[in-house]
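What follows is a set of notes on a single structure, which appears directly below.
The values are calculated or read from the model by the stated rules, or taken from the named source; none is laboratory data. A quick note: this is a predicted structure, and the numbers were derived from the prediction, not measured. Cβ sites come from the backbone with ideal geometry, for glycine too, and all protein chains shown count toward neighbours.
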Amino acid sequence: MRRKYSQVRDLENGKEGVRDFYNSAINYFSKEFKISKKDFPKLRFVSGEHMAYDQVDNVIKVGDEEFISDMGDSIGEELGHYVRAKLKGRVGKEVEEKEAHSDEFYGFLGSKALYRASEEKQKGEFFSDGERTFEANYEGKTYPEMRKEILKRAKEKGFPKLRKRYNGAEKAGDEAEMKKIYQEAEKAGYGEHVKNLIHVRPYHFASDTDLGKVEDLKRLYSLSDKSVRRRFFRESKLYDVDKGIKKETRKKKGLEGKLAILFFSSLFLSFLFSRNKITGNVIGNNGFFSNPISLIFLGLALCLGGFLTYRLITKK
């Protein structure tokens, strides 16, 4: 069996090789983030296909079915999770769902950082596809393709309806119904759906992040959840994390957003006014548009609709 497709359990010294690579990874992360080596999580080998950082027990679990050639990305990601947790004082505590997106962003960056820090021999052994990319992670699919696929699958599986039913049962305090709906959702693949929701978006923005433009990785990993999303979950990233977001940047973004919203609001309201029993034709032989008062009403409606839509979308 070729080493590229070998699992940890297939190689005589598989565990030792992974442990040696892990120790070299710790050397890099310890130096880069100024964290004592003794504070890093221990490796724990387990059965099955499993690779995860346990934040409560501070251990990284490695499944014996993991492929050796993917170990670089996996170890880099879990150490990225650890560093984020360590710098935010969360080691030993339960993971908070509200920071799941930023945690996955930092995990992906950890893979990229470890690849750049590894020796050429290690890159050949533990990184099957070179430096990690979004497309390689999802079998060549782009972010828009994955996003479309997730939405389509959710609709086909009826997840929105299941969630609505679950919320209703939860509100009514019907635990039996909640359990029934949960089992139904799991059978339909809801767990995988949630996993994709948590990972796809942050992976996309982390893949697009150029580590060569990051002057201080520790500073980046120390940002608040809100700050990292505002600076890096966007196409034009703000790499200088010590600088505030410029007013002109906010203004430009806000203006573009308002223009887009007003445009689509106008189309929507024009559609409403063009329905039968209201105008007949948008700009046709109808008295509605020849009436000055009606034109004023239409203008106010367009402005109000645009403003309300903008407030709804931008509200945090």
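Per-structure values
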{"quantity": "Candidates 34, 93, 98, filtered to the one that is at negative phi and either in contact with a Ser or Thr (Cβ under 7 Å, 6 or more places away or on another chain) or at pLDDT 90 or above (or both)", "calculated": "93"}
{"quantity": "Residue satisfying all of: in region 174-217; farther than 30 Å from residue 243 by Cβ and of a type in the set (S, T, N, Q); surrounded by the most Cβ atoms within 10 Å (Cβ to Cβ) among these", "calculated": "196"}
{"quantity": "Unique match (being modelled with pLDDT of 90 or more, of a type in the set (A, V, I, L, M, F, W, C) and in contact with an Asp or Glu (Cβ under 8 Å, 6 or more places away or on another chain)) among 29, 21", "calculated": "21"}
{"quantity": "Single condition residue 65 does not satisfy, out of (1) charged (D, E, K, R); (2) free of Cβ contacts under 8 Å to residues at least 40 places away in the same chain; (3) not in a helix (DSSP H, G or I)", "calculated": "(2)"}
{"quantity": "Which listed residue, of 220, 151, 162, is among the hydrophobic types (A, V, I, L, M, F, W, C) and surrounded by fewer than 17 Cβ atoms within 10 Å (Cβ to Cβ)", "calculated": "151"}
{"quantity": "Extreme residue, farthest from residue 184 (Cα to Cα), among residues of region 126-148 that are among the charged types (D, E, K, R) and loosely packed, with under 14 Cβ neighbours inside 10 Å", "calculated": "139"}
{"quantity": "Some residue of region 140-159 being aromatic (Phe, Trp, Tyr), in contact (Cβ under 8 Å) with a residue 60 or more places away in the chain and within 30 Å of residue 23 (Cβ to Cβ)", "calculated": "no"}
{"quantity": "Selection count, region 24-42, where residues are surrounded by fewer than 17 Cβ atoms within 10 Å (Cβ to Cβ) and touching a strand residue (DSSP E or B) at 6+ places or on another chain (Cβ under 9 Å)", "calculated": "1"}
{"quantity": "Selection from region 43-53 of residues that are surrounded by 15 or more Cβ atoms within 10 Å (Cβ to Cβ) and under 21 Å from the mean Cα position of the chain (by Cα)", "calculated": "51, 52, 53"}
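Yes/no matrix, rows are residues, columns are (1) part of a loop (DSSP other than H, G, I, E, B); (2) touching a strand residue (DSSP E or B) at 6+ places or on another chain (Cβ under 9 Å):
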position	(1), (2)
53	no, yes
86	no, no
100	no, no
108	no, no
112	no, no
116	no, no
131	yes, no
